[in-house]
1. Which residue out of T243, T236 is in contact with a strand residue (DSSP E or B) (Cβ under 9 Å, 6 or more places away or on another chain), β-branched (V, I, T) and within 18 Å of F127 (Cβ to Cβ)?
2. Confirm whether G75 is under 17 Å from L174 (Cα atoms), without any contact (Cβ under 8 Å) to a residue 40 or more places away in the chain and in contact with a helix residue (DSSP H, G or I) (Cβ under 8 Å, 6 or more places away or on another chain).
3. So which residues in segment 57-84 are surrounded by 16 or more Cβ atoms within 10 Å (Cβ to Cβ), β-branched (V, I, T) and over 18 Å from G139 (Cβ atoms)?
4. With respect to A229, determine if the residue is buried (at least 18 other Cβ atoms within 10 Å of the Cβ) and either in contact (Cβ under 8 Å) with a residue 60 or more places away in the chain or closer than 19 Å to P138 by Cα (or both).
5. State yes or no: is L203 farther than 16 Å from D259 by Cβ, surrounded by 12 or more Cβ atoms within 10 Å (Cβ to Cβ) and either modelled with pLDDT of 95 or more or in contact with a Phe, Trp or Tyr (Cβ under 9 Å, 6 or more places away or on another chain) (or both)?
6. Failed condition for C56, given (1) at pLDDT below 95; (2) part of a helix (DSSP H, G or I); (3) over 27 Å from the mean Cα position of the chain (by Cα); (4) not charged (D, E, K, R), with all others met?
7. Could you go through segment 237-255 and let me know if any residue there is under 18 Å from A167 (Cβ atoms), in contact (Cβ under 8 Å) with a residue 40 or more places away in the chain and either of a type outside the set (A, V, I, L, M, F, W, C) or touching a helix residue (DSSP H, G or I) at 6+ places or on another chain (Cβ under 9 Å) (or both).
8. Surrounded by 13 or more Cβ atoms within 10 Å (Cβ to Cβ), aliphatic (A, V, I, L, M), farther than 20 Å from A170 by Cα and not assigned by TED's automatic domain parsing to the domain that holds M163, is that true of V251?
Amino acid sequence: MKALADYVHSKGLKLGIYSSPGPNTCAGYEGSYGHEEQDARTYAAWGIDYLKYDWCGARTLYTDEEMPAVYQIMGEALLRTKRPIVYSLCQYGRLDVWKWGADVGGNLWRTTGDIRDAWDSMTRIGFNQNDLAPYARPGHWNDPDMLEIGNGAMSETEYKTHMSLWAMLAAPLLAGNDLRSTSPEILVILTNREVIAVDQDKLGKQGQRVWQSGEQEIWTRSLSGGAMAVAFFNRTKDEARITVKMADLKVSGKWKARDLWTHQSVTWPESEYSVTVPGHGVVMLRLSR
């Protein structure tokens with residue numbers, strides 16, 4: 001395992017591992033129940049960077065109300081290793097985990113059930129994260145599950161929407177596709193540095209919905225240095241023209257605007273803005289003073 005970790009690190013990647021606070025994982029393999037300290041020390045010795053800790057095997061032993069204490073056992077064990085291992089709580093958003101996840105050492109916590117590589121699954125999960133924004137902050141994030149980009153069941157336009165929405169949500173970006181067979185088109189989406197920069201912005205504020213008309217939505221996200229990200233989403237199948245007044249966006253004054261998918265500057269007016277958005281698509285801008 002140490003050799004594997006060294007190999008993965010040599011590729012510029014991080015290595016994650018999976019366990020459960022119960023005696024078994026979802027697939028029936030050994031969990032960490034009763035061996036939390038031993039497992040944490042072993043992960044650190046191997047060079048593991050990330051632990052996904054799934055409630056699956058623990059639900060026959062514990063009630064939901066016991067979750068915080070149970071997750072804290074591993075959280076404290078990881079801290080004692082002195083190795084920076086990202087701690088991912090996977091319990092599907094039960095017991096309002098966003099309210100206590102950080103207190104037990106969690107760096108991210110799943111807010112929903114499992115995502116699928118499907119437009120309805122991705123949008124249902126992604127666009128329902130709005131109310132959780134106050135609980136995201138540097139080092140502690142709401143996790144709407146992994147990216148499905150490149151798994152083949154959605155279009156490139158839909159995958160751009162997926163990437164943009166997760167970036168607006170300050171969500172962890174975990175590529176859920178097979179990196180060995182990633183097409184150039186998918187690689188362009190996954191490695192868009194300007195979109196990633198929004199996701200990784202050091203201010204750590206999660207974006208929120210500020211305008212909606214039917215199935216068109218606008219989300220904004222405050223960024224460091226007084227900048228702002230604005231995403232225009234069209235959830236219908238057909239192309240749509242979205243027009244919004246600056247007052248509705250709570251944006252005023254003069255801004256420079258850049259389209260993060262075309263990588264071009266756009267004119268940002270002071271009163272009203274209109275843009276054509278493809279069906280199931282997005283236009284994502286970064287505004288700066």
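1. T236
2. No, not satisfied.
3. If the condition is that a residue be surrounded by 16 or more Cβ atoms within 10 Å (Cβ to Cβ), β-branched (V, I, T) and over 18 Å from G139 (Cβ atoms), then V70, I73 are the ones that fit.
4. It is true that A229 is buried (at least 18 other Cβ atoms within 10 Å of the Cβ) and either in contact (Cβ under 8 Å) with a residue 60 or more places away in the chain or closer than 19 Å to P138 by Cα (or both).
5. Values: farther than 16 Å from D259 by Cβ: yes; surrounded by 12 or more Cβ atoms within 10 Å (Cβ to Cβ): yes; either modelled with pLDDT of 95 or more or in contact with a Phe, Trp or Tyr (Cβ under 9 Å, 6 or more places away or on another chain) (or both): yes.
Taking the combined requirement at face value, the residue satisfies it.
6. (3) is the only condition that C56 fails.
7. So far as segment 237-255 goes, no, none of its residues is under 18 Å from A167 (Cβ atoms), in contact (Cβ under 8 Å) with a residue 40 or more places away in the chain and either of a type outside the set (A, V, I, L, M, F, W, C) or touching a helix residue (DSSP H, G or I) at 6+ places or on another chain (Cβ under 9 Å) (or both).
8. Taking the combined requirement at face value, the residue satisfies it.
The values are calculated or read from the model by the stated rules, or taken from the named source; none is laboratory data. Nothing here was measured: the structure is a model prediction, and the numbers come from that model. Virtual Cβ from ideal backbone geometry, glycine too; neighbours counted across all protein chains shown.
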